[in-house]
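Structure record follows, encoded as structure tokens.
Each reported figure results from applying straightforward, stated rules to the coordinates on display, with no laboratory input. Nothing here was measured: the structure is a model prediction, and the numbers come from that model. Don't worry about glycine lacking a Cβ; one is built from the backbone with ideal geometry, like all the others, and counts go over all protein chains shown.
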Amino acid sequence: MKNSFIKVSSACPKTNVADIEYNLENIKTCINKASEAGSKVCVLPELCITSYTCSDLFLHNQLLEASTEALKELCDFSISKDMLILVGAPILHHSCLYNCGVAIYKGKILGIVPKSYIPNYSEFYEKRWFTEGYEVVNREIDLPFQKNIPFGVDLLFKSDNFVFGIEICEDLWVTIPPSSYLALQGANIICNLSASNELVSKADYRRSLVSNQSARGICSYIYSSAGVHESTTDLLFGGHLLISENGSILKENERFQRDNEVITSIIDVSRLNGERIRNVSFRDSLKTCPYKCRTVEFTLNNKTINSFDRYIDKHPFVPKNKDEIEVRCKEIFNIQKNALAKRHTHTNLNKAVVGISGGLDSTLALLVIIKTFDMLNIPRENIVTVTMPGFGTTDRTYNNAVSLCKNLGCDLREINIVDACLQHFKDIGHSADIHDVTYENVQARERTQILMDLANKEGGLLIGTGDLSELALGWCTFNGDHMSMYSVNCSIPKTLVRFLVKYVADYEVSETIKSILYDINDTPVSPELLPKDEEGNIAQKTEDIVGPYELHDFFLYHFMKSGASYDKILFLAQHAFKEDYKPDVIKMWLDKFIKRFFNSQFKRSTLPDGPKVGTISLSPRGDLRMPSDASCNTWQR
């Protein structure tokens, strides 16, 4: 987990137009605030040394000389700060004036990046003063207090795993932003020094640009724009501050603040790097870069984050935004039902067979089948639902299964498996009193045999019910519930299964069916393969054996999404679940997850077909090509 996280800041200082001394003091105030928050990077707005709205005053030597002196003073100020400071200033080079981002660290200018694209339209006439910098590469520049400063759009600034790139305002709005090339050549944190005026709805578009560019570049994007104290002769600037990571806005301020403002967030760089490793198209795009970047290396000394305040989602698979829940859930069901519909139309079969246990997974599978058949105008009577009571079936799950199928208008059949299993125990010489893995798997395989044969008899598809969490843990019987003719839940983790069933209960069914679905949601997760307790309740509770599914889904997400290390997953889980589980309990279940995940690959290598719904799937045909005999030792040492 070394050098995975970094705390960064975006700041908007108060400015007074062309009042460099005043501006510098407020810039220092912002830097101090960022430093006190533990930030290692502080991004300030475009031309904030002078203020952005100086217009023809940019052509006066006195302003430019004072700006250079301010940069020297800021360098001196930075000596005591273990922080990369990115500040906007005009820079004169070979009789051309450039709008630049200046990178300062511990008393030294690491490099100067000119703005690539200069706007010359409507409210912005920067070409009157500034020269475009997109062709400035492989150059150096001298200032009165420092010589041979790297100068150009081809600069990256690197400290360990953290690689920074700079672009300025308009650069983000063009067809191919310079940050795209910077990201392809290694920049995982892009810093935009900006001065973007406010218009009705422009903030929404700006936010979308920042978010999309961070997603496109698989990077973090720190955006800082000039504030309300710029000249209002024709425009107003709102001081918009944004910090984004791979498409998500981590932090955003409320615009139009009149005091110095700093926002801070924690960036997960190793997550970004892990995403890049998996994205082949990202690597291939490197061939399009028109220039090769120069890397300026420096060393951030203490990268320890004392206050880890980054939000870590406990349930990363589950929708959070209330306004988007209906849209997300409908999209998930659309993927599932249209995938199943294709398989039915391809096979020309208009019947489906599904085992119904009264548990969450089979309930969700049935709901998907219902939606599919309704869409295809196939009568629900063609859905053959089979309940198969066994040694551990409780009245609660049995009654819920029966009631649900009847109320949904399906063809319900009951086949008790007890006698068949007892006969099979006799055939293989196994005592029914020994409640071991054989005892359990005989029941699971008996049920699958019944369902497979019934599907053949009825001319239908056997629809699998197993979910992503069970596949990750290997919590299924090989060639038992592990097998089907099409699996609709194979990329739906248990936490999302529960959420989807509740969604249907709340929004799509009658009160009678809603009460059934709610009780199914409240029933302990169990395969019901061991005998009931003395009160007739479930004795075999899955989460008592393998651990809480909310933890395992969390482990699975970070293990698969970005290839997070054991230490990092443990750290994130202990932070996210600090109010729910003790650290040693989380570690115990993480050890269990790693071991089960590796040991169960042979089951995933022979999975039936099924649709990928989210970003994570364990299909051996695409998303996880892993040896069935891989060792987990490296992950657990």
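Worth a mention:
- Helix 202-216 and the longest principal axis of the Cα set of the chain meet at an angle near 70°.
- Rg/Rg_globular for the range 34-185, with Rg_globular taken as 2.2 N^0.38 Å and Rg from C-alpha atoms: 1.00
- Gain in span if fully extended, Met588 to Lys72, counting 0.36 nm per residue against the direct Cα distance: 180.3 nm
- √(5λ) per eigenvalue of the Cα gyration tensor, the range 375-446, largest first, Å: 31, 13, 9
- The length gained on full extension between Asp580 and Lys108, counted as 0.36 nm times the residue separation minus their Cα-Cα distance, comes to 165.2 nm.
- Ranked list, fewest to most other Cβ atoms within 10 Å of each Cβ, for Val174, Val8, Val546: Val174, Val546, Val8
- A crude spin-label estimate for the pair Asp433 and Trp173, with each label 7 Å from Cα along the Cβ direction, gives 8.3 nm.
- Every Cα-Cα pair in the range 7-297 was counted, and those over 33 Å apart are 13% of them.
- Computed FRET value (nearest 0.05) for Asp395 with Leu236, which takes r as the C-beta separation and R₀ as 56 Å: 0.25
- Taking a quarter of the surface of the Cα convex hull of the range 210-255 gives a mean projected area of 3.3 nm².
- Its alpha carbons considered, the range 102-164 gives a radius of gyration followed by a Dmax of 14.0, 43 Å.
- Using bins of 10 Å that start at zero, the share of Cα-Cα pairs per bin across the range 261-414 amounts to 8, 21, 21, 18, 15, 11, 6, 0, in whole %.
- Label zone (Asn599, point 7 Å along Cα-to-C-beta; backbone nitrogen cut-off 12 Å) within the range 623-637: 632.
- Cβ charges +1 (Lys, Arg) and -1 (Asp, Glu), total dipole of the chain, debye: 1360 debye
- Virtual paramagnetic centre 7 Å along Cα→Cβ of Ile305, amide N under 13 Å, in the range 3-47: 3-9, 38-41
- Residues of the range 546-566 falling in the label zone of Asp313, defined by backbone nitrogen less than 17 Å from a point 7 Å along Cα to beta-carbon, are 550-564.
- Distance cut-off 33 Å, percentage of C-alpha pairs in the chain lying past it: 54 percent
- With viscosity 0.890 mPa s and temperature 25 °C, the Kirkwood radius over alpha carbon pairs of the range 95-231 converts through Stokes-Einstein to a diffusion coefficient of 157 µm²/s.
- As a rough footprinting exposure proxy, the listed residues Glu140, Glu126 were ranked by other beta carbons within 10 Å of their own, and the order from fewest upward is Glu140, Glu126.
- The tail of the calculated P(r) for the range 439-480 beyond 14 Å holds 54 percent of all Cα-Cα pairs.
- Take the Cβ atoms of Asp259 and Ser80, set R0 to 30 Å, and the FRET efficiency comes out at 0.80.
- Convex hull volume per residue for the range 435-560, taking Cα atoms only, in Å³: 142 Å³
- Taken over the range 1-95, lysine pairs spaced eight or more positions apart, or on distinct chains, with alpha carbons under 14 Å apart number 8.
- Here r is the Cβ-Cβ distance between Asn479 and Ser515 and R0 is 35 Å; the resulting FRET efficiency, rounded to 0.05, is 0.45.
- The peptide list 379-392, 198-211, put in order of mean Cβ contacts within 10 Å with the highest first, becomes 379-392, 198-211.
- By average C-beta atoms within 10 angstrom, highest first, the peptides 287-296, 571-580, 86-95: 86-95, 571-580, 287-296
- Longest to shortest principal axis, alpha-carbon extents of the range 392-508, angstrom: 50, 32, 31
- The per residue volume of the convex hull around the alpha-carbon atoms of the range 181-292 is 116 Å³.
- Taking the C-alpha atoms of the range 322-636, convex hull volume expressed per residue in Å³: 148 Å³
- Overall dimensions of the range 223-346, expressed as equivalent-ellipsoid semi-axes from the Cα gyration tensor (√(5λ), whole Å, largest first), are 37, 25, 19.
- In the range 304-371, Rg over Rh equals 1.20, where Rg is the alpha-carbon radius of gyration and Rh the Kirkwood radius from pairwise Cα distances.
- Per-residue [θ]222 nm for the chain (sum of -39500 (n - 2.57) over DSSP H runs n ≥ 4, rounded to 500): -12000 deg cm²/dmol
- The 3J(HN,Hα) values that the Karplus relation (6.51, -1.76, 1.60; θ = phi - 60°) gives for the range 617-622 are, in residue order, 9, 10, 4, x, 8, x Hz. Gly and Pro appear as x.
- Among Met626, Met485, the ranking by other beta carbons within 10 Å of each residue's beta carbon, starting with the fewest, stands as Met626, Met485.
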